[in-house]
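The values are calculated or read from the model by the stated rules, or taken from the named source; none is laboratory data. What you are looking at is a predicted structure, and each value in this text was computed from that prediction instead of being measured. Ideal geometry is used to build each Cβ from the backbone, glycine not excepted, and the neighbour counts take in all protein chains shown.
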Amino acid sequence: DNGGGDNGGGDNGGGDNGGNPHTPGPLETTLNNVGEAVDNVLPVGLQDTGGKLGKTLDTVVAPVVDTATGLTQQIGGATGLGQPINGLTQQVGGVVTNLGEQLGNSGLPLNLGQGVGGLLTGLGNAVGSAGGLLHADANNPNPLTAVLGHATGGVAALTDSLLGEGSLLHPITGQLGLGGLLDGTDAAPILEPSLANVGQTVDNILPVGLNPILGNVGETLDTVVAPVGATVTNITQQVGDGLGVGQPINALLGGVGSALGNVGTQIDGAAPLGLGGVVGHLGQAVASVGGLVHQTDSNTNPLGNTLNHATQAVASLTGGLTGNGEGGLLSPVTGLLGGLTGGLGGGDAANGGLLAPVTNLVG
């Protein structure tokens with residue numbers, strides 16, 4: 001649809017469509033947003049690094065994902081489930097997005113309303129886009145890229161509102177340097193679980209082995225990011241509790257998260273397609289955000305927990321649709337593609353694995 005038609009000379013005409021602007025793939029979009037989320041906390045240049053790494057991985061992953069999406073859309077159309085499921089995901093996403101917009105206008109201190117609102121809006125849009133995996137929609141030509149982009153974009157909006165330029169806490173975080181922050185090695189991981197979840201999101205549809213690859217990338221990046229994140233979080237907690245707003249904000253977001261968890265349980269009972277897990281993890285992500293302004297023993301790594309639950313929400317959606325290979329609506333497709341791609345993630349350079357150049361580069 002994007003080559004030679006209405007979009008042939010516009011933003012969507014890149015790649016093979018006559019040398020037009022490049023269209024980012026799923027991992028380039030995702031890792032760029034994750035890097036931006038971290039750079040909002042402390043500018044370590046992760047956005048550019050993540051984008052380049054994702055672009056490299058997408059040379060292998062994006063074409064296979066496009067093929068897999070085409071097959072899942074054909075199954076959705078053939079079974080007659082694609083369009084109604086697409087409508088359901090759009091309705092659920094709309095509810096979450098509306099809640100995000102309400103929180104964005106709530107006027108919570110420390111830009112927390114805008115931050116959590118941006119997170120919910122991003123994840124709501126991610127849920128709404130997920131129906132495109134089963135139903136072809138000209139307005140959603142790259143559904144997996146849209147899902148991952150919206151979800152991680154929501155996380156970036158959260159850190160931008162709370163800690164980015166122009167936020168109330170930026171005068172504090174902006175003065176932080178890297179000296180002395182990178183000496184600690186015991187900080188809880190921030191990027192390792194979230195990037196592994198991004199890999200699992202793709203692996204649920206197409207088992208190319210991205211979960212361990214991106215997890216290892218996150219583990220490496222956490223040697224820099226985790227100590228910085230822990231230091232910044234400690235400062236924001238001191239500010240929140242010092243102003244007397246940390247505990248009530250944490251309680252409020254905990255209540256919102258608990259309510260979303262209850263909604264997720266109800267959705268799972270009515271339509272066990274992974275949507276309940278999406279909303280449930282979304283609730284846990286919202287509840288974790290409160291830890292950024294109030295320290296508790298049950299939430300010692302709020303930034304890592306927020307990223308982890310937000311990305312688990314998207315992984316739950318693809319896991320529910322595929323049934324993790326057993327009994328899911330898309331499991332026949334993923335099983336077929338698993339045989340096709342069995343050598344992608346495995347194999348070293350000597351054995352000819354297709355991902356060997358990428359895994360060697362990451363290594």
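Quick test of your reading of the structure: V208 fulfils all but one of (1) assigned to a helix (DSSP H, G or I); (2) more than 22 Å from G115 (Cβ to Cβ). Name the failing condition by number. Unmet condition: (1). Taken together, A287, A313 contain a single residue that is without any contact (Cβ under 8 Å) to a residue 60 or more places away in the chain, not in a loop (DSSP other than H, G, I, E, B) and not hydroxyl-bearing (S, T, Y), which is A287.
One residue stands out in the range 181-203 among those that are of a type in the set (D, E) and surrounded by 22 or more Cβ atoms within 10 Å (Cβ to Cβ): the one that is modelled with the lowest pLDDT, namely D203.
Tell me yes or no: at least one residue of the range 320-340 is of a type outside the set (D, E), modelled with pLDDT of 70 or more, more than 22 Å from the chain's Cα centre (by Cα) and not in a helix (DSSP H, G or I). No, there is no match, as no residue in the range 320-340 is of a type outside the set (D, E), modelled with pLDDT of 70 or more, more than 22 Å from the chain's Cα centre (by Cα) and not in a helix (DSSP H, G or I). Checked against the criterion of being outside any loop (DSSP other than H, G, I, E, B), modelled with pLDDT of 85 or more and more than 30 Å from T59 (Cβ to Cβ), the candidates G269, G240, G218, G244 yield just one match: G240.
Scan the range 228-249 for residues that are in contact with a His (Cβ under 8 Å, 6 or more places away or on another chain) and in contact (Cβ under 8 Å) with a residue 60 or more places away in the chain and jot them down. Across the range 228-249, the qualifying residues are G240, I249.
Kindly indicate whether V61 is at pLDDT below 90, buried (at least 19 other Cβ atoms within 10 Å of the Cβ) and either at negative phi or among the hydrophobic types (A, V, I, L, M, F, W, C) (or both). Yes. Per the listing G283, G290, G276, G257, the residue uniquely small (G, A, S) and more than 17 Å from L103 (Cα to Cα) is G276. Residue count for the range 283-324 under the criterion of being surrounded by 24 or more Cβ atoms within 10 Å (Cβ to Cβ), more than 10 Å from S194 (Cβ to Cβ) and of a type in the set (S, T, N, Q): the result is 4. Candidates in the range 41-74 are the residues that are among the small types (G, A, S) and not in a loop (DSSP other than H, G, I, E, B); of these, the one that is farthest from E192 (Cα to Cα) is G70.
For the structure I just gave you, tell me whether D348 is surrounded by fewer than 22 Cβ atoms within 10 Å (Cβ to Cβ) and either over 21 Å from L214 (Cβ atoms) or at pLDDT 55 or above (or both). In short, no. Given the options G118, G100, G131, G94, name the one that is under 12 Å from L260 (Cβ atoms) and assigned to a helix (DSSP H, G or I). None of the other options fit; the residue is G100.
Restricting L162, L178 to those that are under 16 Å from P43 (Cβ atoms), surrounded by 23 or more Cβ atoms within 10 Å (Cβ to Cβ) and modelled with pLDDT under 85 reduces the list to L162.
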